[in-house]
Amino acid sequence: MTTSEPFELAQAAAGYIAEATGVDSHDIALVLGSGWSGAADLIGEVTATLPSSEVPGFSAPAVVGHVGTIRSILLPNGKRALVLGARTHYYEGKGVRSVVHGVRTAAAAGCAVVVLTNGCGGLNPAWRPGTPVLIRDHINLTAASPLEGATFVDLTDLYSPRLRELAREIDPALDEGVYAQFPGPHYETPAEVQYAHRIGADLIGMSTALEAIAARHAGMEIFGISLVTNLAAGISPTPLSHKEVLDAGEAAGPRISRLLADVIAK
Ligand SMILES: Nc1nc2[nH]c(I)nc2c(=O)[nH]1
């Protein structure tokens with residue numbers, strides 16, 4: 001594939017979405033990670049739902065039984081949101097181009113803002129499972145980049161100070177943190193968690209950083225928010241039960257979905 005082909009594929013996907021949804025241009029894209037699926041139903045009126053596998057460049061979800069969808073939503077302020085419910089993770093081995101195809105498609109579809117959400121491990125013991133944390137900056141530990149060739153892109157203020165301030169006006173209790181993307185799919189050892197802590201990470205996950213770089217290259221404003229679903233390995237003195245993690249994510253649903261709805265409604 002030539003270096004222009006990922007962008008041609010994103011244009012094709014955007015054209016398909018415009019045709020299939022009847023919406024020529026969308027304004028804001030949302031990538032919903034673990035624990036955030038409920039947000040879409042709260043933010044506005046779903047006017048079209050597409051199976052993501054029908055859209056050029058998108059593949060069937062990695063998790064059997066998960067139906068990946070792309071939804072067009074009419075927001076109360078009249079703007080259009082494009083909800084990308086099928087994220088390709090780097091650990092699926094489909095290449096970085098596939099990981100960032102959704103963001104590139106959203107940019108080609110007209111979106112000037114992208115909201116990147118994820119579920120992650122927390123390094124701050126005060127952040128119990130179910131705590132949303134704004135992403136202030138990231139550390140890309142994948143050793144990969146979605147950019148190819150002499151594409152030197154500045155990543156200063158990559159996570160919009162404007163949108164972070166807006167979120168904190170809506171919910172002053174929100175903390176901020178630095179998110180580190182590990183390649184995965186394995187979780188970190190306690191030693192790796194301590195390494196991440198020492199290099200400045202507060203949140204660890206397997207997504208988001210590569211998508212944010214591609215979004216900056218596409219000229220989008222980026223809002224990143226994590227949902228701490230577990231304390232990272234070795235942080236909690238007692239092993240967390242998977243049920244605790246699931247219950248916490250479930251309990252956080254209404255608060256984080258409301259927060260997201262309020263931020264994008266502005
Ligand atoms: N790397 C990493 N990814 C995650 N995703 C979730 I949910 N929890 C974790 C975690 O503890 N580490």
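A few notes on this one:
- Gyration tensor verdict on segment 155-266 (Cα atoms; rounded if a/c is under 1.5, prolate if a/b is larger than b/c, oblate otherwise): oblate
- The trypsin sites (Lys or Arg not before Pro) of segment 93-134 that meet both conditions, a loop assignment by DSSP and at most 16 other Cβ atoms within 10 Å of the site Cβ, are 94.
- In terms of other Cβ atoms within 10 Å, 41, 202 run from fewest to most in the order 41, 202.
- Amide H within-cut-off set for residue 175, under 5 Å, with H built and near neighbours excluded: 134
- From phi via Karplus (6.51, -1.76, 1.60), per-residue ³J(HN,Hα) for segment 149-162 in Hz, x at Gly/Pro: x, 7, 9, 8, 10, 6, 10, 5, 6, 4, 9, 3, x, 4
- For segment 1-151, the share of DSSP beta bridges that are antiparallel, to the nearest 5, is 60%.
- Segment 134-266, dipole about Cα centre (Lys/Arg Cβ +1, Asp/Glu Cβ -1), debye to the nearest 20: 100
- Three-way shape call for segment 2-112 based on the alpha-carbon gyration tensor, with the a/c threshold at 1.5: oblate
- Net charge over other residues, Cβ less than 12 angstrom from the Cβ of residue 28 (K, R count +1; D, E count -1): +1
- Cα gyration tensor shape for the chain, rounded if a/c is under 1.5, else prolate or oblate: prolate
- For residue 94, the aspartates and glutamates whose Cα falls under 19 Å of its own Cα, not counting residues fewer than eight places away in the same chain, are 5, 8, 54, 148, 211.
- Cβ-based charge dipole, the chain, positive-most Cα from 57, 218, 195: 195
- Taking every DSSP helix (H) stretch of at least 4 residues in the chain, weighting each as -39,500 (n - 2.57) and dividing the sum by the residue count yields a mean residue ellipticity at 222 nm of -9500 deg cm²/dmol.
- Relative contact order computed over the chain (Cα-Cα under 8 Å; 6+ residues apart), in percent: 26
- Taking the chain as a Gaussian network of alpha-carbon nodes connected by springs under 10 Å, the highest mean-square fluctuation of the residues 180, 209, 20 belongs to 20.
- Proxy reagent accessibility, fewest Cβ within 10 Å first, across 152, 7, 182: 152, 7, 182
- DSSP finds beta bridges in the chain, and of those with both partners inside it, around 40 percent are antiparallel.
- Cβ-based exposure ranking for 170, 199, 264, in which fewest neighbours within 10 Å come first: 199, 170, 264
- Computed from Cα positions, the angle between helix 5-21 and the longest principal axis of the chain comes to roughly 70 degrees.
- Alpha-carbon centroid distance for the pair segment 187-232 / segment 83-154, whole angstrom: 8
- Applying 1/(1 + (r/R0)^6) with r as the Cβ-Cβ distance of residue 169 and residue 255 and R0 = 25 angstrom yields a FRET efficiency of 0.95.
Only the coordinates and a few stated rules stand behind these numbers; no lab work does. Computed from a predicted structure; not experimentally measured. Heads up, the Cβs are rebuilt from the backbone with ideal geometry, glycines too, and the neighbour counts pull from every protein chain shown.
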